[in-house]
1. Counting only residues that are in contact with a strand residue (DSSP E or B) (Cβ under 8 Å, 6 or more places away or on another chain), more than 16 Å from Gly322 (Cβ to Cβ) and not in a loop (DSSP other than H, G, I, E, B), which one in the range 74-93 is modelled with the highest pLDDT?
2. When you go through Arg430, Arg375 one by one, which is the residue that is over 23 Å from Pro97 (Cβ atoms) and surrounded by fewer than 14 Cβ atoms within 10 Å (Cβ to Cβ)?
3. Does Leu280 satisfy the criteria of being of a type outside the set (Asp, Glu), over 26 Å from Met49 (Cβ atoms) and surrounded by 20 or more Cβ atoms within 10 Å (Cβ to Cβ)?
4. Keeping to the range 45-73, report how many residues are closer than 24 Å to Ile179 by Cα and assigned to a loop (DSSP other than H, G, I, E, B).
5. Can you tell me which residue is nearest to Val73 (Cα to Cα) among those in the range 196-220 that are surrounded by fewer than 16 Cβ atoms within 10 Å (Cβ to Cβ) and not hydrophobic (A, V, I, L, M, F, W, C)?
6. Looking only at the range 96-105, how many residues end up being part of a strand (DSSP E or B) and over 18 Å from Lys345 (Cα atoms)?
7. Identify all residues within the range 324-372 that are in contact (Cβ under 8 Å) with a residue 40 or more places away in the chain, touching a helix residue (DSSP H, G or I) at 6+ places or on another chain (Cβ under 8 Å) and in a strand (DSSP E or B); write none if there are none.
8. Looking at (1) in contact with a helix residue (DSSP H, G or I) (Cβ under 9 Å, 6 or more places away or on another chain); (2) modelled with pLDDT of 95 or more; (3) of a type in the set (A, V, I, L, M, F, W, C), find the lone condition where Ala197 falls short.
Amino acid sequence: FNDEPAQSAYQGNWTEICPVAALTSRQYRFISRPWDLDRTPSVCPGCSMGCNIQIDARNNRIGRFQSRENPAVDDSWLCDFGRFSFPNFQRQAPERPRIRRDARLEDVSYDEAIAFTVEALKRAGGQAAGWASLADTNEELVLFRRLFREVLRSPHLDHRSAALVDAEPDDMTLSIADIERLDHVVLLGGQEVIDAAPVLHLRLFKSERKGVHVLKVATGETKRALDAIPADAEAVGILATEANKTAAVDLQTKLQRKVKGSVRRLLVTTGPNGRGAKDLGILPHLGPGYVSLNGQAGKGRTEWPGAGLRALYVHESSPLHGFTPSDAESMWLPTLPLLVFHRFKPTALDEMAHVILPGHAFTEKDGTVTNMEGRVQRISRGLDADWVLEDWRVFQQIANGLGADWGYDAVADITAELVRSLPPYGALNRGERVLWSERG
């Protein structure tokens, strides 16, 4: 417009809502007629907002991500990062599992790769560590946790890339939709909160138009926020990233002493299922439902290089949220007797892995994920990759090779067990949020 480029993180919405199709997406233009597309409901893999999407594919190739309205979460919007992330999930070509022999990777069958992994994990036992992706489904996380905690008897389990404040069930969690019903919102960390979950900005903009007062403060400026909120405030919200949880909890405690109304917080977790990973115990010091491990805590990822471990299993479901080695890890990984890399796309980690197991991408799976507010939502397979053994089946075969007796036949079996073993996850069947205060 006026020879100036548009500056917005939400431009893709223009092409979707244009009533006469005069605005089109360069990525999708000439790919397909809308009526030739296979459309699959799912959830955006970009961040922890949990925006609902539709995977539009043709001939087993993704043509675009479109929004799928969920007023409680996204209000029908998508950010450009999420909308245009779909090329990351295009599979290039079929590939087979590989095993490193004599310093070279050789193609093998899944049976041979799993048998090799089983024997190597037997030698490692409790000195094996497991890292699960922020884009794994809840069902995969359940089996991954059981594989390490119950079968290998290893407490060294993590999904994080950095040491963060201890996770805990957040009974004071503010829902995304409730932001519009507040008097005041404190954006603790300012723009970094918006960068972590861009569609939150649109919810805040809508809330301001309804009269909600939005205050942006830096993490070290909590006193300014405390002074700005009047004592007669009826409903106050605090939005922060999980990295700033300590400051958010401190501000919440002080505001609760000052104002007569409620004060709730919403922490922006990392990845499309970072919240689910915490809920389900993919942590070195807490089990499912944030229960104590009673002195059986393990080492977190940042401690692994110096922990004397003998094996590492990395499970990666999304190029957007992969395992990127730190400097210390880059020196440590080549010294490991066993590195299993179970992933969707090749990365630099392939060069260090002893076993490479092809896995499914986020867009190729059925299951559930949990967004930042604790809402459990279903994702569905938008593409077929039938030559790839389902990730949860790989976990099951490894566990059974190590002496377990798992007998899951479908993802639905694991979902049902999850709901039985962790009652708050019964919210899945009601389309609601996980509320830990309702634990049975």
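1. This residue is Gly82.
2. Just one listed residue meets the conditions, Arg430.
3. It is false that Leu280 is of a type outside the set (Asp, Glu), over 26 Å from Met49 (Cβ atoms) and surrounded by 20 or more Cβ atoms within 10 Å (Cβ to Cβ).
4. So the answer is 13.
5. Result: Lys206.
6. Final tally of qualifying residues: 2.
7. Answer for the range 324-372, where residues must be in contact (Cβ under 8 Å) with a residue 40 or more places away in the chain, touching a helix residue (DSSP H, G or I) at 6+ places or on another chain (Cβ under 8 Å) and in a strand (DSSP E or B): Leu338, Val340, His342, Val355, Ile356, Leu357, Gly367, Thr368, Val369, Thr370.
8. Among (1) in contact with a helix residue (DSSP H, G or I) (Cβ under 9 Å, 6 or more places away or on another chain); (2) modelled with pLDDT of 95 or more; (3) of a type in the set (A, V, I, L, M, F, W, C), Ala197 violates only (1).
The values are calculated or read from the model by the stated rules, or taken from the named source; none is laboratory data. Just so you know, these numbers come straight off a predicted model, no measurement behind them. Because the Cβ atoms are built from the backbone with ideal geometry, glycine has one as well, and the counts that use them run over all protein chains shown.
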